[in-house]
Structures are given as structure tokens and as C-alpha cells.
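Asker: Okay, handing you the structure first.
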Amino acid sequence: WRGNRGRLRIEGRRLDGGAAPLRAEIPSAYGLVGFQPSVLVFPTEGCWEVTGRVGDAALTFVTIVLDGSRYSR
């Protein structure tokens, strides 16, 4: 949800090893404020830092990404 007006930008990097950058799919059909569905595509498992920005506002979080197919029964 964007309280600030502007386009959402998302970037991410793996903290615990080398990897290609995170890929974000951010559709442009939702205007410049409010709801903004997005898809984050992590190229590898690991510890990732993700930052979303709209204008001068930013939100950063760190998450662990696991390959769920290895854990299914």
C-alpha cells in the first residue's frame, strides 16, 4: 500500500553469498497511490535484504528464502 504518491521501485540483494539481484514485477495499471500488487522473484535461496521505495520514502526488510519444493511431502 502506497501512502506516498509515486512509482514503486523494489531492489534486493543476497547478504550471505553471491547471487544475481532480486527481480521485481510491478504492474503500472494501479495508479500512483494506494494498492500496488507486486511479485518478488528470488534467484537463489539465502538471506536477502529487500528495499521498496516510493519518492523519498523507503522500507527495508531482511528475509530468509528457502526452496519450498525440497520440503514438500
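Asker: Relative contact order (percent) for the chain, with alpha-carbon contacts under 8 angstrom and 6 or more residues of separation? Could you put the intermediate results ahead of the total?
Answerer: Details: 137 pairs, mean separation 24.4, N = 73.
The value is 33 percent.
Asker: Tell me the carbon and sulfur percent of the accessible area for the chain, rounded to whole percent, probe radius 1.4 Å. The partial results should precede the final answer.
Answerer: Working: 2810 of 5180 Å².
Carbon and sulfur atoms account for 54 percent of the accessible area of the chain.
Asker: Positive end of the charge dipole of the chain (Lys, Arg +1 and Asp, Glu -1 on Cβ, about the Cα centre): tell me which of 43, 69, 30 has its Cα farthest that way.
Answerer: 30
Asker: Something else: Report the Stokes-Einstein translational diffusion coefficient (µm² s⁻¹, integer) for the chain, Rh taken as the Kirkwood radius over Cα pairs, at 37 °C with viscosity 0.692 mPa s.
Answerer: Values: Rh = 13.5 Å.
Translational D for this selection: 244 µm²/s.
Asker: While we're on this one: Charges only on Cβ, +1 for Lys and Arg, -1 for Asp and Glu: so what's the dipole of the range 1-63 about the Cα centre, in debye to the nearest 20?
Answerer: Numbers: 8 positive and 6 negative charges, 58 e Å.
Computed about the Cα centre, the dipole is about 280 debye.
Asker: Within the set of other residues whose C-beta is less than 11 Å from the C-beta of residue 48, count the net charge using Lys and Arg as +1 and Asp and Glu as -1.
Answerer: Details: positive: 13, 14; negative: 11, 16, 45, 49.
Taking every other residue near residue 48 into account, the sum is -2.
Asker: If we count every other residue with Cβ under 14 angstrom of residue 26's Cβ, Lys/Arg +1 and Asp/Glu -1, where does the sum land?
Answerer: Details: positive: 2, 7, 9, 23, 53; negative: 11, 25.
The answer is +3.
Asker: Step through the residues of the range 20-27 one at a time and calculate ³J(HN,Hα) from phi using the Karplus curve (6.51 cos²θ - 1.76 cosθ + 1.60, θ = phi - 60°), rounding each to whole Hz and writing x for Gly and Pro.
Answerer: Along the range 20-27, the couplings run 5, x, 4, 10, 10, 10, 10, x Hz.
Asker: From the protein chains alone at 1.4 Å, what is the descending order of accessible area for 25, 49, 11, largest first? Don't skip to the end; give the middle numbers.
Answerer: Numbers: 25 80, 49 55, 11 105 Å².
The most accessible residue leads, giving 11, 25, 49.
The values are calculated or read from the model by the stated rules, or taken from the named source; none is laboratory data. Since this is a predicted model, take the numbers as computed values, not measurements. Cβ sites come from the backbone with ideal geometry, for glycine too, and all protein chains shown count toward neighbours. Note: areas computed on protein heavy atoms with side chains; ligands, DNA, RNA excluded. Shrake-Rupley method; radii C 1.70, N 1.55, O 1.52, S 1.80 Å.
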